[in-house]
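To keep things clear, I will list the structure first and then write my remarks on it.
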Amino acid sequence: MRQKENRPSAGDAYGTVPFNCVNDSTDMSEFQDLTYNGLLKAVTDDYLDGLDEDADLPFESIEAELLQATNNAIEEYNLGPRDPNAPMGAPVKDAYPNAKAPADRVRKLKALTPWQVASVIIRLYHAVGIRLNGQEGDGNFDVGVYQSHGERRGLYDTRTETVRRLITALHPGISDVDMRNTENKLRVLVPKVEPCKDKALVPVNNGIFDYENKILLDFDPKYVFTSKSNVDFVPNARNPVIHNDQDGTDWDVVSWMEELSDDPEVVKVLWEVLGASLRPNMPWNKSVWLYSTQGNNGKGTFCALVRNLLGKGSWASIPLKDFGQDFMLEELTRVQAINTDENDVGTYIDKAATLKSVITGDPFLLNRKYKAPMPCLFRGLMIQCVNEIPKLKDKSESMYRRLLVIPFEKRFEGCERKYIKDDYLGRKDVLEYVLFHTLYEMDFDEFSVPEASEKSLDVFRVDNDPLRQFADEVFDQATWDLLPCKFLYDLYRYWFQTNVPQGKMLSRNSFYSSLELIAPEYGWQLQDKVRSANRMDVPEMLILEYQVQEWMNRDYRGNDKMRLAQPDVKDSYRGYVRNKVGSIPAYMVSGETTASEEIDSNR
């Protein structure tokens, strides 16, 4: 910061003179009619008005000048107005007949007051209160300080240590009490603002990229961002080809992306994931789950590219299990992406409400240490690497439709090139091309969904939900065209004991209501009072497979298993009716194996 040319020096700014000054020709003080607080405000405002906010002035200069100006004003305040009839060089008591008594005088300051420090930070460093949930509310904001230079240029830094470091620079000897007082003053005084919500504006290292108009804008304090990509937008950046002298290979990022999958649709959506990670204001409404049960598949290296593209401080690694824990989501107030390349095997998500809200940008309750819980919004993309399907207590479609599962089916065992992850994907020219390609050459506002992703999500639905596993198995294998509700629940109990012995079985009513929702997906429809004739005339081998005692033919005493699996049935039932013949078991249409032979082979 620099002084304006017509700005008087801090010592002369208010026409004050020391007690022993012989050249005491000062006019009546402008501060005499002010209260002490009014004096501090007037001095501070006058001083700040005289500074050029676009230039840099050392912290020690700001502190020294404002402190000197304040003490000069205090001295003038204590002296009172000068007697216009007093001759030049008159003693102080004659020149200032209304000077305050020593006991009534305001003491000069040894340091700036908390209010003054807060005022300087607000005026010169554009401190604002950034609302956490997009709505007005008492205390529901973080104080952010605009960064006009450095690696965080163009951002508002909300980290507590940054604000405290700035306070300490303006008051080096500040006590803990005054530090808290200054922070409190800041929270009271800062103007409250909203984070930038414009979907088209993308903060990058050297400006703000307008995605809609494909132009780069200058940083400006009016655009409130707390994170950005640390990569420059370089017009017409080229895809660099890197030659490795040791193994004689040539490498470029486009070819490498194509090697991650043999499915062009998967490659396309992976490029979209890179672009989406850069655009935090776009509501993607999906969490990307990179899935593979085996190692050396490329998903960890892909995550490294995302991290490098965003840069330090713009992403957070938050495993899925932490979304149900207290104090684990504080970073979401200042990052634009979640990028987690490791989730524990056997992860179980008991509480998915926060996870769902984070994915779709809805308010969630943020718990932070030593602070009251506050509603918060996260704008950005979540990427999770999973080696097995995590178990979710929430098995609703509202959860499943929030997931974009991308399978990584290739393995690079024996051809692993560690220098790709450790070197190539962090190179400046590679990252500049990736950023240019995803922001300038690509146009998309929602993810494409490969067929492989849809199939992976279907697998996830089944693996995550024992009821779906049951339906997937039973509806496909059933020989009856009518499956009574009571039969299905009895069968479910035996099936559950065999397949999920440590799990929690659904109650009868929960089973009925949940099965009704998914049965149509398998070609079965719930109907009332359905006649059993011609629908339950054949043996139902599931009775034998799971030893469903309640539905065995109790009157039969022979050894024919087919007869044992054909109980006496009622005339009608409430139950599920098969819509089509397409799901009849293979042995009933192929003639390859009889039902009894199939049971025998499993014994």
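Worth pointing out:
- The dipole here belongs to region 419-541: it is taken about the Cα centre, uses +1 on the Cβ of Lys and Arg and -1 on the Cβ of Asp and Glu, and is about 900 debye.
- Note on Lys214: lysines with a C-alpha under 24 Å away, same-chain residues under 8 apart excluded, are Lys197, Lys199, Lys222, Lys228, Lys268, Lys428.
- Within the straight-line cut-off of under 25 Å between alpha carbons, the lysines reachable from Lys100 are Lys41, Lys108, Lys110, sequence neighbours fewer than 8 places apart in one chain being disregarded.
- If R0 is 25 Å, the Cβ-Cβ spacing of Ala86 and Ser61 corresponds to a FRET efficiency of close to 0.10.
- The value obtained for region 108-200, namely the Cα convex hull volume divided by the number of residues, is 109 Å³ per residue.
- Convex hull volume of the C-alpha atoms in region 242-458, normalised per residue: 125 Å³.
- Between Ser513 and Tyr419, the contour length at 0.36 nm per residue exceeds the alpha carbon distance by 28.5 nm.
- Evaluating 6.51 cos²θ - 1.76 cosθ + 1.60 at θ = phi - 60° for every residue in region 380-396, the Karplus couplings come out as x, 9, 10, 10, 10, 9, 10, 9, 8, 6, x, 8, 10, 5, 7, 10, 7 Hz, glycine and proline recorded as x.
- The angle separating the long axis of helix 114-124 from the principal Cα axis of greatest extent in the chain is about 80 degrees.
- Looking at region 225-302, none of the chymotrypsin sites (Phe, Trp or Tyr not before Pro) sits in a DSSP loop with at most 11 other Cβ atoms within 10 Å of its own Cβ.
- Residue-normalised convex hull volume from the C-alpha trace of region 240-328: 163 Å³ per residue.
- Angle between the chain longest axis and helix 160-170 axis [Cα atoms, degrees, rounded to 10]: 10 degrees
- When the helices of the chain are scored as -39500 (n - 2.57) per DSSP H run of n ≥ 4 and the total is divided over every residue, the value at 222 nm lands at -10000 deg cm²/dmol.
- Here the Karplus curve 6.51 cos²θ - 1.76 cosθ + 1.60, taken at θ = phi - 60°, turns the phi angles of region 464-475 into couplings of 7, 10, x, 5, 5, 4, 4, 5, 4, 7, 6, 5 Hz, with x standing for Gly and Pro.
- Once the Cα atoms are used to define both axes, helix 264-277 deviates from the longest principal axis of the chain by about 30 degrees.
- Amide proton proximity set for Ile215, modelled H, under 5 Å, gap of 5+: Asp210
- Listed by chain and number, the lysines placed with their C-alpha closer than 22 angstrom to that of Lys393 are Lys286, Lys321, Lys351, Lys356, Lys455, Lys504; residues fewer than eight positions away on the same chain are left out.
- Rg over Rh [alpha-carbon atoms, Kirkwood Rh] for region 493-549: 1.00
- Answer label, with percent of Cα pairs over 44 Å apart calculated from the coordinates and candidates [x] 16; [y] 45; [z] 20: [y]
- Full-stretch length increase - Gln527, Gln135 - with 0.36 nm per residue and alpha-carbon distance subtracted: 136.3 nm
- Distance between the 7 Å Cα→Cβ label points at Asn534 and Lys93: 12.6 nm.
- Label-to-label distance for Val449 and Lys504 is 2.9 nm, based on points extended 7 Å past Cα in the beta-carbon direction.
- Translational diffusion coefficient (Stokes-Einstein; Kirkwood radius from C-alpha pairs) of region 349-501 at 20 °C, 1.002 mPa s, in µm²/s: 106 µm²/s
- Sequence ranges 401-408, 385-392, ranked by mean other-Cβ count within 10 angstrom, highest first: 401-408, 385-392
- Cβ-derived FRET efficiency at R0 22 Å, Asn244 paired with Lys428, nearest 0.05: 0.75
- Using R0 = 45 Å, the C-beta based FRET efficiency linking Met328 and Leu109 works out to 0.55.
- Inter-site label distance for Asp52 and Asp555 at 7 Å from Cα along Cβ, in nm: 10.6 nm
Throughout, read-outs are computed from the coordinates displayed, never taken from laboratory work. Owing to the predicted nature of the structure, the values given are computational and were not obtained by experimental measurement. No Cβ is skipped: glycine too gets one built from the backbone with ideal geometry, and neighbour counts run over all protein chains shown.
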